[in-house]
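Peer 1: Sharing a structure, written as structure tokens. Questions coming.
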């Protein structure tokens, strides 16, 4: 079992005068982080509510005050993690001007975030499918969250209007699929070196192979 | 979502006439015998496999119990255990049946004489129609089986390698010299896979055949370039609407 994270601030034990919402928020945050760690480690099926409360250092009563069951807790943890990840990706994307550079920066941030926690990355993109239909729909929503980063390619591409309506979903699918291949092969440390392949997979849907290869050659050399 | 465990990006060594050989080497079922026989519940075994796929679609493989399966199939527990050791073995059998069908459809349209783009289009179309006609099996084969790991995941990865080999027939040497990464074909296949998985998860399996033009576009573009990929995609669009 991973150790409980000591990095997070916790309210002092015993009697204290912190406002109730602050305590609850801290418990919820701890629980959600613990849930991602435990499920990444044990798998969704084998992980129990007891595992989650023990890792988070909260009582069962507190758990059930926050969530009706393990699934509700996992779905909230999943969403929260995706949300955090997307904030990083979006802010890297928005810091650039020209679309290919925006896409490159977004993908670079995505890879860096995923590489920093390989077990969590694998849960986010691969093992989530084993957590049931509701989790699978969250996975789909998470992949969809990437598509706005690619939609701008339609304005950038010379023939953008004539491209398939699903171009951004195709680009997102290629990116996620190539990352998943690496995670399944236990090569998370290799993720950052995937950048040029992912950028190519993104650009080709809009610009075609030759222009995509030129852009990638110029940007990542 | 799931893996392509062989990471080799070598140029395909698939001989055009030897798709059957490759399917065998990947130890995939190629049973053409299953082709003509739809998954109508003839036997107890088939009823169990149908019930398995239905339960998986409703609650996921992890939450599916033997009780769900035997109830759905209308058979006794004893009958289930005569045929299968456990839930995993039942999933594998269900996966085998689905893959035999899918490979059968692809072998059917595969011909050494057909232009590559037409072959890819026809194979994709046959595959999408098969998935649309059996939404529970589509969901089980593309989402639950790979997530379940073990032999089911191996079969899934093998099937992807076969599809990749078919796609790589379109690869010719010059494109590698133009700075196109070796992973381009794998990326294209992943894009198609995610589009299909997304459609299934959205509950729109019956509309999978409509994805044909977009899939044709993304899987041909690395090999044929954008203009030709768009042309192929429009052709595919016409084909769907003509119903031919």
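Peer 1: Between residue B:65 and residue B:129, what length in nm is gained on full extension when 0.36 nm per residue of separation is reduced by their alpha carbon distance?
Peer 2: Computed gain between residue B:65 and residue B:129 is 20.1 nm.
Peer 1: Given R₀ = 56 Å, FRET efficiency for residue A:90-residue B:43 by Cβ-Cβ distance, to 0.05?
Peer 2: Efficiency for this residue pair is about 0.55.
Peer 1: Quick one: plug the Kirkwood hydrodynamic radius of the protein assembly as shown (C-alpha pairs) into Stokes-Einstein at 37 °C, 0.692 mPa s, and report D in µm²/s.
Peer 2: 140
Peer 1: Further, regarding this structure: Got a sec? How would A:48, A:202, A:147, A:35 order by Cβ neighbour count within 10 Å, fewest to most?
Peer 2: Ranked by crowding around the Cβ, least crowded first: A:48, A:147, A:35, A:202.
Peer 1: Let me ask you something else. Got the relative contact order for chain A handy, in percent, Cα pairs under 8 Å and 6 or more residues apart?
Peer 2: RCO, chain A: 17 percent.
Peer 1: While we're looking at this one, here's another question. Quick one: helix A:99-116 against the long Cα principal axis of chain A, what's the angle to the nearest 10°, folded into 0 to 90?
Peer 2: 30
Peer 1: Where the centroid of each part is defined by its Cα atoms, how far is region B:179-244 from region A:119-169 in Å?
Peer 2: Between the Cα centre of region B:179-244 and that of region A:119-169, the gap is 15 Å.
Peer 1: Between residue B:77 and residue A:71, what's the calculated FRET efficiency when r is the beta-carbon distance and R0 is 30 Å? Round to 0.05.
Peer 2: 0.65
Peer 1: Further, regarding this structure: Give me the percent relative contact order of region A:20-71, please, defined on Cα pairs under 8 angstrom at least 6 residues apart.
Peer 2: 37
Peer 1: With springs only between Cα atoms under 10 Å apart, run a GNM on chain A and tell me which of A:180, A:95, A:142 wobbles the most.
Peer 2: Greatest mean-square fluctuation among the candidates belongs to A:95.
Peer 1: Let me ask another. Using a 7 Å offset from the Cα along the Cα-to-Cβ direction at both residue A:151 and residue A:64, what is the distance between the two label points in nm, to one decimal?
Peer 2: 4.3
Peer 1: Continuing with this model, one more query. Determine the shielding of peptide A:193-199 by partner chains: average, over its residues, the number of Cβ atoms on other chains within 10 angstrom of each Cβ.
Peer 2: The per-residue average across the peptide is 2.
Peer 1: Jot down the radius of gyration and Dmax of chain A, Cα atoms only, both in angstrom.
Peer 2: 19.9, 67
Peer 1: OK, next. Given springs between every Cα pair under 10 Å in a Gaussian network model of chain A, which of A:22, A:126, A:38 has the largest fluctuation?
Peer 2: A:22
Peer 1: Here's a follow-up. How big is the gap, in Å, between the Cα center of region B:103-142 and the Cα center of region B:82-102?
Peer 2: First find each Cα centre; the distance between them is then 20 Å.
Peer 1: Continuing with this model, one more query. Please give, to one decimal in nm, the separation of the simple spin-label points placed at residue B:24 and residue A:137, each 7 Å out from Cα toward the Cβ.
Peer 2: 4.6
Peer 1: Looking at region A:71-157, I'd like the Rg to Rh ratio, where Rg is from alpha-carbon atoms and Rh is Kirkwood's inverse mean 1/r.
Peer 2: Reported Rg/Rh (Cα atoms, Kirkwood Rh): 1.02.
Peer 1: For residue A:23 and residue B:151, FRET efficiency with R0 = 56 Å and r from the beta-carbon atoms, rounded to 0.05?
Peer 2: Taking R0 as 56 Å, the efficiency between residue B:151 and residue A:23 is 0.70.
Read-outs: derived from the displayed coordinates by stated rules, not from any lab. Note that the coordinates shown come from a computational prediction; the quantities given were computed from them, not determined experimentally. Don't worry about glycine lacking a Cβ; one is built from the backbone with ideal geometry, like all the others, and counts go over all protein chains shown.
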